[in-house]
Each structure stands twice: as structure tokens, then as C-alpha cells.
Amino acid sequence: MNAYFLIFFFLGLQSTLHCVGMCGPLAFAAPIQKRSISTALLGSLSYNFGRISSYSYLGFLIGLIGINHWFLNTAQWLSILTGMIMMTSVFLGAIETWPIIRSLSAKVGSTLSKLFPKIKKAPGFSQSFLFGMLNGFLPCGMVYIALIYTMSAPDYLSALLGMFFFGIGTLPVLFFLPLIGQKKLLAYLPRYTHKVLLFFIAALLIIRGLGLGIPYLSPAIKAPTKAHHQPSIECCEVQ
């Protein structure tokens, strides 16, 4: 798997520790039928596929903006910026609680929350899928961080796939969250695991953005040699 997508996967994987605490009650309230093991598993799969679809769509929209096409070495600086924001959130708390972002997040969350009751009228497994889609659009600091890093994608398809792998990273924990419950999962998670992993991934992003010439870890970023070409990253060249 490309190192770019691996970063998204591990970012999603560690973000589930944040999601269990912040979004656990909402996931547990997902309209999943638990008449049998098979219906419960299908319902949770539908719910999580809805979430991942929303993340992928947001990545696609960011990719259409194409910031990496406008500025030289955007990927390098966005990697450093993403890492710095992640490190700041370790000490100041989740991004959605920061003063400037908090009011905007509250308005978006309030608007989307009005749509949840209407989902109950949808048929079958579409209820859990639509519930997951709305959940994916709710304000979340970890999604914000992933979307910032998505701006470094060379094209909209890479941006879409980046957020898709972010969603896949959240799947191992959030697939079982609606089935098991928030308190049981939290009982198995060390208290500061999320912050330690967040700090570690932030450090990797900053090191990667510095372009130290270390293969895969911090590849050198070279200026394009031809017009209309993207900057290339040593050992994983992007044309």
C-alpha cells in the first residue's frame, strides 16, 4: 500500500480511540436490528459503510479544489501543518472544542441532528446506512485533521481514496461499538493511548514533511522538471 494511504489508515485507526469517547453514544444509538447475530452484523456493516462513504465524499470535494496543483511543495508543508495541528490538539484538546471552530461545529451539528429522526422512516438496512452517512458529516476533529492532509493529494481520486482508507482505519473498533457498547470498549482502552498515538503520528507527519531524504519515512521532495507536472517524492514518485 502507498505510504500516503498508510498514513490515512493509521490516522483513522488511532482516531477511533477519540471516537469511542466522543461519538460512542451516537454510534450505540444507530438503528441496528439485533434480532440475530447476522442482522446485527449486517446492520453495523451498513452503518459503517455509510460513515466511510461520507468521509470519501468529503475527500473527493477537497480533491476537486486541487490545492496541490497551485503551489509548489504543498504536500511537504501540509504534512508539517497537519502534524503541528495534531500535536496542538494533544495539549489543547480536540479541534472541535477550540474557540473559533466550536461555534461553527455546533451549528453544523445542530443542523444535521434534525435529520436523524427522519431516518427512522427509511426501509430496512438503509436506516443504518443513512444514519452512518449523517454521522460521517458531523463535526469531528480527527476528520478535520484528515481533510487538511487530504489537501496534499495529487488528484481528486487520491484524495477520495485517502479518506476511504481513513474510514477503513476506523472500522476495526467502530464496527463493534454499536454492538458491544461504549463502556465495555472503554474498559479495554488505556486512558492516554489516544494522545500517545496522536503525538507519535503527528511527529511522523512533521518528519515526513521535512523531506530529509530518508526512504519512505521522510522522502526528498523534488521540484518538477517539466511544466504542468507535480513535484515528485523520492521512492514514491507522483506524475
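Any read-out appearing in this document is the output of simple, stated calculations on the displayed coordinates, not a laboratory observation. Everything quoted here is computed from the prediction, not taken from an experiment. Glycine gets a Cβ as well: all are built from the backbone with ideal geometry, and neighbour counts include every protein chain shown.
General remarks:
- Separation of the Arg102 and Leu41 label points, Cα + 7 Å toward Cβ, nm: 4.3 nm
- Taken one residue at a time, the phi angles of the stretch 149-166 give Karplus couplings (6.51, -1.76, 1.60, θ = phi - 60°) of 5, 4, 4, 7, 5, x, 7, 5, 5, 5, 5, 4, 5, x, 5, 5, 5, 4 Hz. Gly and Pro are set to x.
- FRET efficiency, Ser113 to Leu6 (Cβ-Cβ, R0 35 Å, nearest 0.05): 0.55
- Difference of contour (0.36 nm per residue) and Cα-Cα distance, Tyr57 to Leu92: 9.7 nm
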